[in-house]
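What follows is a short report on a single structure.
Derivation of every value follows stated rules applied to the coordinates shown; laboratory data play no part. The structure displayed is predicted, hence computed values, not measured ones. With ideal geometry, Cβ positions are generated from the backbone for all residues, glycine too; neighbour counts draw on all protein chains shown.
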Amino acid sequence: MTASNGMGTVHEFEALGAGMRVKLSGFVRLLRDNAFTIGLAETHDALKILGKGQAVRPTRLRAGLKTLFCSRQSDWEKFHELFDAYWLQHGMKSSTRISGSPQKAPAGIQALAKGPRGESKGQDPDHVERGEGSDTSEAGQTKREGASCTELLSQTDFRHITKSDDIAAAHALAERLSAKMRARLTRRMRAHRSGQRIDLRRTIHKSIAHGGTPLDLVFKRRKDKPLRLVVLLDASGSMNLYSAVFLRFMHGVLDSFREAEAFVFHTRLIHISPALKEKNAQRAMERMSILAQGSGGGTRIGESLATFNKWHAKRCITSRTCVMIVSDGYDTGSSEILGKEMQALRRRCKRIAWLNPMIGWRDYAPEAAGMQAALPFVDLFAPAHNLESLEALEPYLARI
Amino acid sequence: MSEANPPQDEIALQLTAVGYIPDRDLSTALWLMDSLQRPLLLEGEAGVGKTEVARALSQVHDTKLIRLQCYEGLDQSSALYEWNYQRQLLAIKAREGERAGDVEEEIFSEKYLLERPLLAAIRQPAAPVLLIDEVDRADEEFEAFLLELLSDFQVSIPELGTIEATTIPRVILTSNGTRELSDALRRRCLFHYVDFPEIDREARIIQSRLPGIDTALALEIATMVNSVRREELRKSPGVAESLDWAATIAGLNIRHLADEPEKVFDTLMCLIKTAEDKSRMTREVTDRLIGKVA
């Protein structure tokens, strides 16, 4: 079919002219920068559409490329503007001006890239840092609702809780959690010696030798599915009393889950699963401290989530994943971005649990702007100020 | 370059002839679906007529419509094929004493195979329209399996061997967005977002379904339904509801909505589906909307 044959058959489309092909590839690149999912097969089919003489009228071409390149409603809404900006602003004939680079796109596209949905696409990708990052000082930030903007994480020592009984408790809990969470009941069946239902197909296979008398019954039972868990931990100044405990907890979780990923965020997002895979807890904590060094205080939850959505979500989230965000919701970034990114995340995953240590405080109400923006998309909003409150999560997680 | 009658306009005309009024984007999508041989994914709110597209398409091509309704836990024995166990058991009994190998060959032959929608769709003499309805309700395993089927169009049955497609069906998938579909499936498909029709298109739909109706009245009804949709109700009325309502209005011999606000209010309730919406659509609200229409 389209995907399997004719990849790279450039000659077929030579009639189209190099200018058109270059222009199209520039357009595809622009769309990819705007989070469209487009593979080689789609580009190939787009050339076919152009070859069918649809390029004579922009509206025809637009309708054709729209149905081919879009794959979700958000794409559908963005497409017109992107198309018009790319193909019409320059005029259809001036292919010389297009070098295919979205960076050189006119201001219209740049503005678009930030988009009505605010997904900050097309900006410089906020790559995940795995080593010591450069010092991004946030001196200009103003103080806002308790999120410390000046306190540097580099001073923070994750080895704060090395009290052996605390560690033991965290690990024991993580183990219990994992035992409960790993298995999720589904309706999918698999063959089993002692299931609840008879697997007729296999039973009949076996009964042929007995002349049709089903002597050996084969049963089937529900198949267990591993739970996928992604933990995003706020390690900003305002959380620093808690983050150490949670890192311990995450280490335990990653230990017992095959499909778990862990991230830490403050002003940017850091992927810490590799560090947490270290078996020795002490050494894992040391590697973590190194990873988190060199970043300013303050929290940019929205931007961190945007990074997550853009670079990691595809890989580590399926519709069965539970995302656990541990944060107090004090955001120094824009709460608008946070809301939008939460919405995007919500679409992708099964459940979002937001653990907020502040709930444990007396008279706390989730009034921080960030928290307000995020709450509509959260399935579970629970306290997480001590091990007890974590324990209270068990029944919820077991149901996932 | 055949400017005179481009293929997508041709399809639009054919669809109109069978009573489905498409917009330009949809007719382009349907045309590309044929020429690129890709499945088409339709997304949109409930009641915008996603399923209707498949029905109209099967009428245009004068082929069978094979429908697979998805649900959680849908597996290949209800989507693809299943053996007819009762008949197999009987056959085994009837052939008691024969060689086991022969019996096995007999009971795992075509005769004992039950076709389910997906297998049926690739074994038709003429390419059918395969409608995979609400694919978002099925789970990921099924989605992955579907992806494989949609690219290879062959099915392998362990006891029987590989069955190749005799014809490639036109595949339409619909989704209500209860679960995010995988990027792979989305990429594989052409995409069309089905929105509620604009006022004049809805008026044309009403006219094509209720040929006796007055043009002006159809337009009034379409405008009215359109403004009801803008009231941000919990359940916006779909096209099917507006057709029902139009039939009611026509049946009551109302010539203009503004003439009989009382009856309009009473009948409008058939568009409203929840108690909450009902309490919001008060007489004052409908009178205001009627005022705008007239």
Quiz prompt | B:LYS93 paired with B:SER35, simple spin-label distance in nm, labels 7 Å along Cα-to-beta-carbon | solution = 5.9 nm
Exercise. May I ask for log10 I(q)/I(0) of chain B at q = 0.07, 0.12, 0.15 Å⁻¹, from a Debye sum over the Cα atoms as equal point scatterers with solvent left out?
Key: -0.38, -0.87, -1.13
Exercise. Can you put B:TYR112, B:TYR71 in order of Cβ neighbours within 10 angstrom, beginning with the fewest?
Key: B:TYR71, B:TYR112
Quiz item: Counting only Cα, what are the radius of gyration and maximum Cα-Cα distance Dmax of segment B:1-66, in Å?
Solution: 11.9, 39
Quiz prompt | P(r), alpha carbons of segment B:158-294 - 5 Å bins starting at zero, rounded % | solution = 2, 9, 17, 17, 14, 10, 8, 7, 6, 5, 3, 2, 1, 1
Practice problem: Grab the beta carbon distance between A:LEU40 and B:THR166, set R0 = 30 Å, and tell me the FRET efficiency rounded to 0.05. | Solution: 0.55
Self-check item: Computed [θ] at 222 nm, helices only, for chain B once each DSSP H run of length n ≥ 4 contributes -39500 (n - 2.57)
Solution: -14500 deg cm²/dmol
Quiz prompt | Estimated FRET transfer efficiency (A:LYS314, B:ASN253; beta-carbon r; R0 56 Å; 0.05) | solution = 0.45
Quiz prompt | Cα lying deepest toward the dipole's positive end in chain B, options B:VAL239, B:ILE11, B:LEU114, charges on Cβ | solution = B:VAL239
Quiz item: Applying 1/(1 + (r/R0)^6) with R0 = 60 Å to the Cβ-Cβ distance of B:ASP214 and A:ASN280, what FRET efficiency is obtained, to the nearest 0.05?
Solution: 0.15
Exercise. Only Lys, Arg, Asp and Glu count, each charged at its Cβ (+1, +1, -1, -1), so figure out the dipole size of chain B about its Cα centre, rounded to 20 debye.
Key: 620 debye
Practice problem: Order the peptides B:98-110, A:301-313 from the highest to the lowest mean number of other Cβ atoms within 10 Å of their residues. | Solution: A:301-313, B:98-110
Quiz prompt | Stretch gain in nm, segment A:ALA18-A:ILE198, where the contour uses 0.36 nm per residue and the Cα spacing is subtracted | solution = 58.5 nm
Practice problem: Output the relative contact order of chain B, whole-number percent, from Cα pairs under 8 angstrom with separation of 6+ residues. | Solution: 21 percent
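Using only the Cα atoms of segment B:69-210, construct the convex hull and provide its projected area averaged over every direction, in square nanometres to one decimal.
Mean orientational projected area (segment B:69-210, Cα hull): 12.1 nm².
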Self-check item: Cα centroid of segment B:1-58 to Cα centroid of segment A:315-339, whole Å
Solution: 39 Å
Quiz item: Averaged over peptide B:6-17, how many Cβ atoms belonging to another chain are found within 10 Å of each residue's Cβ?
Solution: 1
Self-check item: Restricting segment B:154-253 to trypsin sites (Lys or Arg not before Pro) in coil, as DSSP defines it, with at most 12 other Cβ within 10 Å
Solution: B:ARG230, B:ARG234
Self-check item: Spatial separation of Cα centroids for segment A:35-89 and segment B:142-180, in angstrom
Solution: 26 Å
Practice problem: Rank-order A:60-71, A:372-383, A:343-354 by packing density, defined as the average count of other C-beta atoms within 10 Å over each peptide's residues, highest first. | Solution: A:60-71, A:343-354, A:372-383
Practice problem: Would you mind checking segment B:78-101 for residues with the amide N under 19 Å from a putative spin-label position 7 Å along Cα→C-beta of B:SER109? | Solution: B:82-101
Quiz item: Karplus couplings for segment A:199-214 from phi (6.51 cos²θ - 1.76 cosθ + 1.60, θ = phi - 60°), rounded to Hz, Gly and Pro as x?
Solution: 8, 4, 4, 6, 4, 5, 3, 6, 7, 4, 5, 9, x, x, 7, x
Quiz item: Angle, helix B:7-17 long axis vs. longest principal axis of chain B, Cα atoms, 0 to 90°, nearest 10?
Solution: 70 degrees
Quiz prompt | Test item: B:105-113 mean partner chain Cβ contacts at 10 Å | solution = 1
Quiz item: Among B:MET33, B:MET224, which comes first, then next, by fewest other beta-carbon atoms within 10 Å?
Solution: B:MET33, B:MET224
Quiz item: What's the extension gain from B:ILE157 to B:TYR71 if we count 0.36 nm per residue and subtract their Cα-Cα distance?
Solution: 28.7 nm
Quiz prompt | Average partner coverage of B:188-200, which counts Cβ from other chains inside 10 Å | solution = 4
